[in-house]
Amino acid sequence: MGTGSIPQTFIDDLIARVDIVDLIDSRVPLKKTGRSHMARCPFHSEKTPSFSVSREKQFYYCFGCGASGTAIGFLMDYDHLGFVEAVETLAESVGLDVPRETGGTGKKDRTAALNPVYDLQNRVAAYYAEQLKNHPQAQRAIDYLKGRGLSGEAARRYGIGYAPPGWNHLADRFDQRQLLAAGLLIEKDNGNRYDRFRDRIMFPIRDRRARVVGFGGRVLDQSTPKYLNSRKPAFFRKGVKFTVWPSCCGRCPSRKGFWSSRVIWMSSPWLNAASHMPLLRWEQRCPKVIWICCFASARSW
């Protein structure tokens, strides 16, 4: 990904190339009414359709809540993407590469500085997954997962792992400075350091690029806290989408309304490990795969 700004001429050309009706209809079923296409607005609750999409104008407008915009704006509002992500998504859909104007290296430098942390967390996820298969005490975790209806294939597919008992498994294997930056190591006032996760089933949390950005862990006994998440890392920003499962879009079986869409909203900006089990069980019954997104302003689960 480039680091410069996107030329306005490219943005204008992209909007002209994309069929906004097809784009929105792939997410919100539209019905042709005269020269426009109508639907119930996806941005507020209503009984009578007031959401209008014009192919001629390449524009949408809701007469109920006033939501309006181009294809880019719709992706930003509906898919909760940033501007650049929305442009890149649209460009990919029509086979275009996003050009960049030169200037500015701050983002590039910041990304380069974070790459070692991303790499560390991927390696830690692989370590936890290996422990689930081979650690002498991992059978309790395997039995628990099976008891909750999760197969070995599901555990492998989603990188579920096991943090073994003990205080220094990660500290003895990985760079401690990076572990501290990732929130996987705790440092006490006296300077002693120890692993954050011990004797827990581990769920890796991934971003849109499938990079591990954190973990959720569940205990196997009556210890507290029952569910524990990574401390929010330095690269976490409110409003950024995270996914737990490396999944594709698809409609899933209905479960009290929350599963009728391909997107499941979480109320916390950082996922709670308590949500992982039921989602995985349902995913095994779904021919597609589930996206789990978290936004600071999302609806409650």
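The values are calculated or read from the model by the stated rules, or taken from the named source; none is laboratory data. This is a predicted model, so every value here is computed, not measured. We place every Cβ from the backbone using ideal geometry, glycine too, and count neighbours over all the protein chains shown.
Couple of notes before you dig in:
- Only a single item in (1) in contact with a helix residue (DSSP H, G or I) (Cβ under 8 Å, 6 or more places away or on another chain); (2) in contact (Cβ under 8 Å) with a residue 40 or more places away in the chain is not met by D199, and it is number (1).
- Filter result (outside any helix (DSSP H, G or I) and modelled with pLDDT of 90 or more) within segment 3-33: V18, D19, S26, R27, V28, P29, L30, K31, K32, T33
- Considered as a group, the residues in segment 155-195 that are of a type in the set (D, E, K, R) and closer than 18 Å to Q137 by Cβ include one that is surrounded by the most Cβ atoms within 10 Å (Cβ to Cβ), and that residue is D195.
- Restricting attention to segment 199-228 and to residues that are touching a Phe, Trp or Tyr at 6+ places or on another chain (Cβ under 7 Å) and part of a loop (DSSP other than H, G, I, E, B), the residue that is nearest to F174 (Cα to Cα) turns out to be R211.
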